[in-house]
Protein chains: 2
Amino acid sequence: MTAHPRLSINQATIKYAGLDEALRLTRDAGVQSIGLWREPVAEVGLAEAAARVADSGLRVSSHCRSGFFTAVEGPERRASIDDNRRAIEETATLAAAGAPGSVAVLVLVAGGLPEGSTDIVGARERVRDAIGELEPAARAAGVTLALEALHPMYAADRAVLSTLGQALDLAEQFPVESVGVVVDTFHVWWDPQVLEQIARAGAGGRIASYQVCDWVTPLAADVLLARGMMGDGHIDFGSLTRAVADAGYTGDVEVEIFNQQLWDADRAAVVDRTVRAFAENVPL
Amino acid sequence: MTAHPRLSINQATIKYAGLDEALRLTRDAGVQSIGLWREPVAEVGLAEAAARVADSGLRVSSHCRSGFFTAVEGPERRASIDDNRRAIEETATLAAAGAPGSVAVLVLVAGGLPEGSTDIVGARERVRDAIGELEPAARAAGVTLALEALHPMYAADRAVLSTLGQALDLAEQFPVESVGVVVDTFHVWWDPQVLEQIARAGAGGRIASYQVCDWVTPLAADVLLARGMMGDGHIDFGSLTRAVADAGYTGDVEVEIFNQQLWDADRAAVVDRTVRAFAENVPL
């Protein structure tokens, strides 16, 4: 089966592959684009990773991930901001190394509540402040900071940004060249406002990334690993994908699945299955 | 410790108690109000249950629960509608048996997606249609149908109503005497719009019930049982409770906790702990 030309394999779907293997499996399956993760890039070093990405001939559709902006002022917060500055530079370098059509998109997860805190409003304010601090560096580097609303079940321990509308409320406070949003079906499919918020994101030119995977029940015991292959769960990829297309998004579409069974399976087979499931379920 | 006069023990918090034990434990702890469940009422029969509630001297703050409105037309849907009609009658009977201040509030859970369906929009329409079908019966019986938005992590398999705003959009299509909403901290605490939607609910006279429990992490492996005692988790009961009070709600406040450890513990101790945790965390 020929892979869809806009399909991108996010490295997290084949988490245990190193960078070389991920590039090779993606290219061998006829996929043209890859979403990178920081850890496998760091394993080989940024310059070497960029060289290997260039050799692969693949496009880069995103760099995942950074963020975690909710610590109060102090050394932990400074370390996070510094790490995000490094991630911005990585994103620019890797996108420049990718094939034409690559984008310099850094996916950002907001972070959860600090230990012992119940102040979600304050945590959200610190996310906004961090974006304000990082945005000039992103703009200078030609990088788009892509704010990802995570499913509300992660609000306490991972991301105090929980809806696409909320992510847009934040993104729209900054220039469109440097701050956008991620639309990830797993995180937003349940939202009664999702179609209007996708339209809003598109009208403002804010869709920096579109990621797909399915919501399967019962949820995995570790809800971080609850994602499933498209078609295995409850998400209507038709309406969401048409909304993203109608909103003007023409970029790559990443498949990003955190799932222990897929991680434990043969990785070439997982990529092949992803190619087929994408063709069958995502109407591009 | 003296129990707060507006505290109500929802039977689900001491799930393995029968009706008699639940009434006794609640009264013995100095609590004045109870939220009933259908199954323990059915165990003794409605007339007998009403007599025992009357004998207890407790107020009834809600009858839990019914709903499950997302089946397509056919025998399953008809059975659900018929069961909801019975639940309306039960609610009226039990509220009439309770002490002065009892309310005839039937808590409704929307229901999830039918097996194999990804049509969440259609499922929501069937919820609206079911409310339309049941509302005249509720009004005639003096019962308020209380639509409960459940946390979005239950959208696929339990409730396609996921936010307070969405529940209000639905409730407001019907008379205020017969259709309201539940505000449950566990389900809504993460919502960036929660405070404005609580205000909206109050302004419209739509708050039929206020339920409290905490969001604890890591989530229980079975997310249905992820609730915790107030103070054990991440929810800011101050801002939510003040919002509900400012919105004009003066009714009982139920503690409803699905938690295997609490269910397995000594039930009188659980009620005592509830009384203390309520006093310490819920600023009424």
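The values are calculated or read from the model by the stated rules, or taken from the named source; none is laboratory data. Quick caveat, the model's predicted, so the values are computed rather than measured. All Cβ positions, glycine included, derive from the backbone under ideal geometry; neighbour counts span all protein chains shown.
Worth pointing out:
- Condition broken by B:ALA265, with the remaining ones in (1) surrounded by fewer than 22 Cβ atoms within 10 Å (Cβ to Cβ); (2) among the aliphatic types (A, V, I, L, M); (3) touching a residue at least 40 places away in the same chain (Cβ under 8 Å) satisfied: (3)
- Test for A:ALA137: is it surrounded by 24 or more Cβ atoms within 10 Å (Cβ to Cβ) and either part of a helix (DSSP H, G or I) or not basic (Lys, Arg) (or both): no
- Residue selected from the stretch B:8-51 under the condition of a type in the set (Ser, Thr, Tyr) and not in a helix (DSSP H, G or I), by the criterion farthest from B:ASP252 (Cα to Cα): B:TYR16
- Summed over the stretch B:140-153, the residues that are farther than 25 Å from A:LEU168 by Cβ and either out of contact with any Leu (no Cβ under 7 Å at 6 or more places or on another chain) or in a strand (DSSP E or B) (or both) give a count of 8.
- Condition check for A:GLY101: under 16 Å from the mean Cα position of the chain (by Cα) and closer than 22 Å to A:GLU256 by Cα: no
- Taken residue by residue, the stretch A:251-261 has no member that is closer than 25 Å to A:VAL60 by Cβ and either modelled with pLDDT under 95 or touching a Pro at 6+ places or on another chain (Cβ under 6 Å) (or both).
- For the stretch B:127-147, the criterion of being in contact with a strand residue (DSSP E or B) (Cβ under 9 Å, 6 or more places away or on another chain), closer than 16 Å to B:THR70 by Cα and not aliphatic (A, V, I, L, M) is met by none of the residues.
- Residues considered: B:GLY248, B:GLY238. Of these, the only one that is in contact with a Pro (Cβ under 8 Å, 6 or more places away or on another chain) and small (Gly, Ala, Ser) is B:GLY238.
- Hey, B:GLY233 more than 18 Å from the chain's Cα centre (by Cα), buried (at least 17 other Cβ atoms within 10 Å of the Cβ) and closer than 18 Å to B:VAL282 by Cα or not: yes
- If the condition is being more than 27 Å from A:GLY116 (Cα to Cα) and not small (Gly, Ala, Ser), then the stretch A:130-168 contributes A:GLU135, A:PRO136, A:ARG139, A:VAL143, A:THR144, A:LEU145, A:LEU168.
- Residue in the stretch A:242-261 that is hydrophobic (A, V, I, L, M, F, W, C), surrounded by 21 or more Cβ atoms within 10 Å (Cβ to Cβ), in contact with a helix residue (DSSP H, G or I) (Cβ under 6 Å, 6 or more places away or on another chain) and in a loop (DSSP other than H, G, I, E, B) present: yes
- In the set (1) surrounded by fewer than 24 Cβ atoms within 10 Å (Cβ to Cβ); (2) touching a helix residue (DSSP H, G or I) at 6+ places or on another chain (Cβ under 9 Å), the condition left unmet by B:THR217 is number (2).
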